[in-house]
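Peer 1: Submitted below is the structure of interest, expressed as structure tokens.
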Amino acid sequence: MIKVRNMVFALSMLTFAIPNIVNAEEHVVNAAAREFKPAIVYVQPGDTVKFINMTSHNAVTYLVPDGGVNFGEKGKMAGATMVTPPLETNGIFGYVCEPHIGFGMVGVIVVGDVSADQKAATKEKAMAELQGPFKRLIGKINKIKAK
């Protein structure tokens, strides 16, 4: 009886998980010499972002929406490629290439539909929390197309 109940539970969980896994997309960001291309990526919840050409770069989050998960390791190069965990939380993720932040190598990932109020709140958070060249993320936030 317990085995049957556990099996039914597992199958019901898969029913909810499979549509998100099947519909999830992997978006690609190229780490060029001193910039991420594209610097603004629009994704849906469950999608991932793959960073390529990362031998002398990293991509580390410095702004994460409430409930969001950080990606990248501070102070560590990513290697040839790096893939974010599935981005499940709606909002704006701001990330930088630490070795090239002085050149303005920053980017944002917009997950889901972001309102003008969410964009303004993220900009306010960036202004309050980020220091020095990390404030360059504000310029990218300003360019986000809010719904």
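Peer 1: Could you compute how fast segment 24-142 diffuses translationally, taking Rh as the Kirkwood radius over C-alpha pairs and applying Stokes-Einstein at 4 °C with viscosity 1.567 mPa s? Give it in µm² per second.
Peer 2: 93
Peer 1: Pairs of Cα atoms under 8 Å, at least six residues apart: use those to get the relative contact order of the chain, whole percent.
Peer 2: 21
Peer 1: A further question follows. Name the lysines eligible as straight-distance cross-link partners of LYS145: C-alpha to C-alpha under 16 Å, and not fewer than 8 places from it in the same chain.
Peer 2: The qualifying lysines are LYS119, LYS123.
Peer 1: Once the piece of chain linking THR48 and ALA32 is laid out straight, how much longer is it, given 0.36 nm per residue of separation minus the C-alpha distance between them?
Peer 2: 3.8 nm
Peer 1: Give me the net charge of ASN70's neighbourhood, meaning all other residues with Cβ under 15 Å from the Cβ of ASN70; Lys, Arg count +1, Asp, Glu -1.
Peer 2: Summing Lys/Arg as +1 and Asp/Glu as -1 gives -2.
Peer 1: Not counting the cut sites, what is the longest span of the chain without GluC sites (Glu not before Pro) that DSSP labels loop and that have at most 13 other Cβ atoms within 10 Å?
Peer 2: So the longest stretch without any such site is 74-147.
Peer 1: Here's a follow-up. With the crude spin-label approximation of a point 7 Å out along Cα→Cβ, what separation in nm comes out for ALA121 versus GLU25?
Peer 2: 2.6
Peer 1: In addition: Once amide H atoms are built 1.01 Å from N in the peptide plane, which residues 5 or more positions from VAL28, or in another chain, come under 5 Å H to H?
Peer 2: LYS50
Peer 1: A further question follows. Using the Cα centre of the chain as the reference point, and only Cβ charges (+1 on K/R, -1 on D/E), how large is the resulting charge dipole? Debye, rounded to the nearest 20.
Peer 2: It comes to approximately 160 debye.
Peer 1: Can you spot the aspartates and glutamates whose alpha carbon is less than 17 Å from LYS76's alpha carbon? Ignore those fewer than 8 places along the same chain.
Peer 2: Reachable aspartates and glutamates: GLU98.
Peer 1: Can you put ILE52, ILE141, ILE92 in order, fewest other beta carbons within 10 Å first?
Peer 2: Ranking ILE52, ILE141, ILE92 by Cβ neighbours within 10 Å, fewest first, gives ILE52, ILE141, ILE92.
FYI, it's all coordinate maths here, none of it is from the lab. Not measured: the values here are computed from a predicted model. Virtual Cβ from ideal backbone geometry, glycine too; neighbours counted across all protein chains shown.
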